[in-house]
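Working notes, structure below.
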Amino acid sequence: MGTQGTRRDGGARFADQGRKRRFFVSILDSWLRVAYLRRAMQSPWDIPSATSLYNIDRWGLGYFSINDRGNVQVCPTQNPGTPIDLMEVIAEARNEYGLGFPLVLRFQDLLRHRVETINRAFQSAIDEAGYRNVYRGVFPIKVNQLREVVEEIIDAGTSFHFGIEAGSKPELLAALAVHRDPESLIVCNGYKDALFIENALLGRKLGKKVILVVEKLEELGQILAVSREVGVEPMIGVRVRLATKGAGKWATSGGENAKFGLSTADLMAASTMLKEAGQAHCLKLIHFHVGSQVPDIGTIKRAVREATRFYAKIAKMGHALEYLDVGGGLGVDYDGSRTAFESSANYSLQEYARDIVWNILEVCDSEKVAHPCIVSESGRAIVAHHSVLIVEAFGSIEKDRAVVAVQPAPGDPKLLSDILELQRQLTRQNRMESLHDAQQIKDQVQSMFDLGMLEIESKAKIETVYWQIANTIVGFCEGMKYVPEEVKELETALCDQYVCNFSVFQSLLDHWALGQLFPVMPIHRLQEFPERNATLVDITCDSDGKVSRFIDLADVRDTLPLHRFKAAEPYYVGFFMMGAYQDIMGDLHNLFGRVNEAHVFLDEDEESGWYIEETIEGASISEVLGMIQWDKNELSRQVKAQVDAAIKGDRLKPNEAMKLLSNYERALKGYTYLQFNGASVPAVGSVPSTGGAAK
């Protein structure tokens, strides 16, 4: 069990990755390990065991669970009466539509449900508090700009007058096109030039409530100048740079050294500038942002109170303010721990909405100013759950695969005899001493090999025995209340590597770049005991292309429990809650492009209760090459010229040459990821259940 950061629940905080660990977490980690192993070894493995192991009942939020077939199912509206079996969906996507892996599944009804849930949470809080204004949320499309996602959110939010936030010219132009509701907002954040401002004012002329948020003082003068030229009064907002600092991975988004926002002195200068221009009434919105994925509700409370105080004071200065924008930051509980750990959140959506409403109300009442219309920019909390990435694991690298008896031969060094003797004398009582001796021998072997004093055959034998000893020692420690740190590290070193057909850099960039944790688990065979512990590696040629940190209630796991491969049967792993940022931020490392995807809708008229409404093929090889100025026609022409030369030089026969050229041109049209035999996905329930006691 490794560590990067610590949980909120007790003890001092350590930043050291993997070495320093709070006493409480260490004890809890050991207790959970003991409980898991005892249940696995003494009780029949069942669906509740799998639910507990992968924590799906906590992070799943009622959307994800495991059915009695041992498959992960999705309930897009949290209604258990309308489940969608993931294995059925991928079978149809593969067999009916020809979509290979990796494959993104989008559950559009879940997306709609998230929009409705957030709006109703605020409405409920407003009703409960007697708040004298309304909520008008906006979706920040930087979180997921895909047309299908944005259009679904806008449609779902129509009855709530749910709007859009744009932070760039391309995002603004898209927002202007899909925005239809004159009561909803378009909030324009980010740095702006004249063209950005002109198009925002075009929206004002079309009757839209487009608010230009001033990020730095110089922008205000430009907004006033362009609005005079265009002949339309702008709706202006200002982002306040709060003293309150954020928390979690994006803590630097807030605080006095934040990238965006006006200081108190800048606010006074902006007020004066507006009054001198006769535009004091155009200031409509106060905005702040303390960062994405804020894990601690205390941070949000402090920021809301500070920003509301700014709102009240500025309103008293003669500005016709109407909106208070509390920004983004609504956390998603990726690990299900419900703590202030960076991959979690120690509050619910309902608590978030109530705390915002009550704190704004209290400050405004104390300042005797009217309650503002509340705006929030919760993107992650809307889109994270709706998207699942399915990858196929097609191979494993196992250190303990070769269970063979090593015999010394003439010419083998004495070190081989020494480590074999250690193996024969190994017991529970001397396990740690034996481990230290074996590690010393392994180090000596490496030194001798580096100096050319040891043959490769002898090195292989000694290392084989070392890993056998290590595996035995890890087994001795199973079920112990306290497991030594070096044995935990050994357990991690012994874990398998499951090779998966995807790119971390394309589909899971936040995990690689920021250490963001996502729920990961097999999506089938969950009625079977997962006997292997593994990390996941992708098909890129980069050693960083791996997933080796996984969610856990107590801490962060270094390995993921998985099932052993079965001959001629595919094995599927799901990455959940992938809808925020990952679709957009992926790069083209190794030229692996956008993956295949299928959009799933509920429909009670369908026999299965659902249908695939749309499929989108992932990037072809020629498409990704075209992004970096490789023209497919020119590539084919150059290869054809070489083929023709090979024919003339009698290196290829004409028929063979034409087949090679045809294969090359066909490959240009193909999927960038690996394709395995075009095999169909097995029918749901066809995988036999082993059940019974774990082995």
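Some points to look at:
For (1) modelled with pLDDT under 95; (2) over 28 Å from E342 (Cβ atoms); (3) in contact with a helix residue (DSSP H, G or I) (Cβ under 6 Å, 6 or more places away or on another chain), each residue gets a yes or a no:
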residue	(1), (2), (3)
R557	yes, no, no
L562	no, no, no
F575	no, no, no
D583	yes, no, no
G593	yes, yes, yes
N596	no, yes, no
D605	yes, yes, no
I647	yes, yes, yes
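- Some residue of the stretch 424-445 being without any contact (Cβ under 8 Å) to a residue 24 or more places away in the chain, closer than 30 Å to S503 by Cα and surrounded by fewer than 16 Cβ atoms within 10 Å (Cβ to Cβ): no
- Odd one out for V326 among (1) in contact (Cβ under 8 Å) with a residue 60 or more places away in the chain; (2) of a type in the set (A, V, I, L, M); (3) surrounded by 21 or more Cβ atoms within 10 Å (Cβ to Cβ): (1)
- Those residues of the stretch 617-629 which are out of contact with any helix residue (DSSP H, G or I) (no Cβ under 8 Å at 6 or more places or on another chain), surrounded by fewer than 16 Cβ atoms within 10 Å (Cβ to Cβ) and of a type in the set (A, V, I, L, M, F, W, C), in sequence order: M627
- Checking C188 against (1) buried (at least 20 other Cβ atoms within 10 Å of the Cβ); (2) within 23 Å of A370 (Cα to Cα); (3) of a type outside the set (A, V, I, L, M), the condition it does not meet: (2)
- Residue in the stretch 61-75 that is in a loop (DSSP other than H, G, I, E, B), aliphatic (A, V, I, L, M), closer than 21 Å to F576 by Cα and at pLDDT 95 or above present: yes
- Scanning the stretch 574-614 for residues that are surrounded by 23 or more Cβ atoms within 10 Å (Cβ to Cβ) and aromatic (F, W, Y) gives F575, F576, F592, W610.
A quick yes/no check of all residues on (1) more than 30 Å from I584 (Cα to Cα); (2) touching a residue at least 40 places away in the same chain (Cβ under 8 Å); (3) buried (at least 19 other Cβ atoms within 10 Å of the Cβ):
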| position | (1), (2), (3) |
| --- | --- |
| S447 | yes, no, no |
| G479 | yes, yes, no |
| E491 | yes, yes, yes |
| M521 | no, yes, yes |
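- Filter result for T77 (in contact with an Asp or Glu (Cβ under 7 Å, 6 or more places away or on another chain), surrounded by fewer than 21 Cβ atoms within 10 Å (Cβ to Cβ) and under 20 Å from S608 (Cα atoms)): yes
- Check on A393, touching a strand residue (DSSP E or B) at 6+ places or on another chain (Cβ under 9 Å), in a helix (DSSP H, G or I), at pLDDT 95 or above and not hydroxyl-bearing (S, T, Y): no
- Complete set of residues in the stretch 261-287 that are of a type outside the set (A, V, I, L, M), modelled with pLDDT under 95 and crowded, with 20+ Cβ neighbours inside 10 Å: G261
- Of the residues making up the stretch 82-100, one or more are part of a loop (DSSP other than H, G, I, E, B) and touching a Ser or Thr at 6+ places or on another chain (Cβ under 7 Å).
- Check on Q497, touching a Ser or Thr at 6+ places or on another chain (Cβ under 9 Å) and either under 25 Å from A381 (Cβ atoms) or surrounded by 21 or more Cβ atoms within 10 Å (Cβ to Cβ) (or both): no
- Filtered residues of the stretch 337-357 (kept if without any contact (Cβ under 8 Å) to a residue 60 or more places away in the chain and in contact with a strand residue (DSSP E or B) (Cβ under 8 Å, 6 or more places away or on another chain)): A345
The values are calculated or read from the model by the stated rules, or taken from the named source; none is laboratory data. Because the structure is a prediction, the values reported are computed rather than measured. A quick note on method: Cβ atoms are made from the backbone with ideal geometry, for glycine too, and the neighbour counts reach across all protein chains shown.
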